[in-house]
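Peer 1: Can you keep this structure in mind? I'll have questions shortly.
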Ligand SMILES: Nc1ncnc2c1ncn2[C@@H]1O[C@H](COP(=O)(O)OP(=O)(O)O)[C@@H](O)[C@H]1O
Ligand SMILES: [Mg+2]
């Protein structure tokens, strides 16, 4: 589904050119659960910004289902991103003055789904993530783990082709982290959702099929878990 061929990414810093990603090659198959590990500053977020169609300033080829979006217009790319990728972040990124139901509905609003159908689908999804009674609450009334469940519900509500999670358990305690990673595992197994998760935590990464280790912008090692 995802093919990266000789990806290099440089960033300008004054008159310096910093080489951040170096000859990155890897593929992700449909239905795979892949973890990316590496120290802070090693290029993990830079890499997933490319995977998530946010950054196109790279050299090399990124093929998604055989297609290259390098020359696609920004508007069209935003559309593709909306229906293709679900994002989950360390700090949840929920809209604080929207209810839980409204937060999870957002991708469906963009997709033009009717209000009635949105409600039905969001309620079903909240039920799946164990938050069926929270739809009218505001995010700050929920615990960190519950807020991350809301963010995950929002990421998957429009059935994206894959999910990118950047340090999704970074702000959570150990027990809650376990719950969240189990939720990813369930989504991967039950709905066959393709998941790419960036994490510092070995216990989180070990739930994946494969761990890609990045050091200083380079893939150092691939570890097959299953
Ligand atoms: N937009 C940018 N402009 C300039 N430098 C950047 C940009 N994005 C990331 N970098 C640099 O790239 C390096 C890797 O960053 P990042 O991908 O965020 O690392 P990680 O997510 O592994 O902690 C860092 O040195 C960072 O300063
Ligand atoms: Mg990062």
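Laboratory data are not the source of any read-out in this text; all were calculated from the coordinates shown. Please read these numbers as outputs of a predicted model, since none were measured by experiment. For neighbour counting, all protein chains shown are included, and Cβ atoms are generated from backbone atoms with ideal geometry for every residue, glycine included.
Peer 1: Just one of (1) in a strand (DSSP E or B); (2) more than 23 Å from residue 223 (Cα to Cα); (3) more than 10 Å from ligand 1 (Cβ to nearest atom) trips up residue 12, so point out which.
Peer 2: (3)
Peer 1: Let me ask you something else. Of 17, 21, which residue is touching a strand residue (DSSP E or B) at 6+ places or on another chain (Cβ under 6 Å), within 10 Å of ligand 1 (Cβ to nearest atom) and part of a strand (DSSP E or B)?
Peer 2: Only one candidate passes the filter, namely 21.
Peer 1: Given the conditions (1) without any contact (Cβ under 8 Å) to a residue 40 or more places away in the chain; (2) assigned to a loop (DSSP other than H, G, I, E, B), and given that residue 78 satisfies all but one, which numbered condition is not satisfied?
Peer 2: Exception for residue 78: condition (2).
Peer 1: Here's a check for you: in the range 27-55, which residue that is more than 8 Å from ligand 1 (Cβ to nearest atom) and on the phi > 0 side of the Ramachandran plot is surrounded by the fewest Cβ atoms within 10 Å (Cβ to Cβ)?
Peer 2: Checked the range 27-55; the qualifying residue surrounded by the fewest Cβ atoms within 10 Å (Cβ to Cβ) is 31.
Peer 1: Do you know which residues across the range 34-67 are part of a loop (DSSP other than H, G, I, E, B) and away from ligand 2 (no atom under 16 Å from the Cβ)?
Peer 2: Listed by number, the residues that qualify are 53, 56, 57, 58, 65, 66.
Peer 1: Same structure, new question: Quick one: count up the residues across the range 116-172 that are within 18 Å of the chain's Cα centre (by Cα), more than 16 Å from ligand 1 (Cβ to nearest atom) and over 23 Å from residue 189 (Cβ atoms).
Peer 2: Of the residues in that region, 2 qualify.
Peer 1: Out of the range 123-152, which residues are surrounded by 13 or more Cβ atoms within 10 Å (Cβ to Cβ) and closer than 14 Å to residue 95 by Cβ?
Peer 2: Scanning the range 123-152 gives 137, 138, 139, 142, 147, 150, 151.
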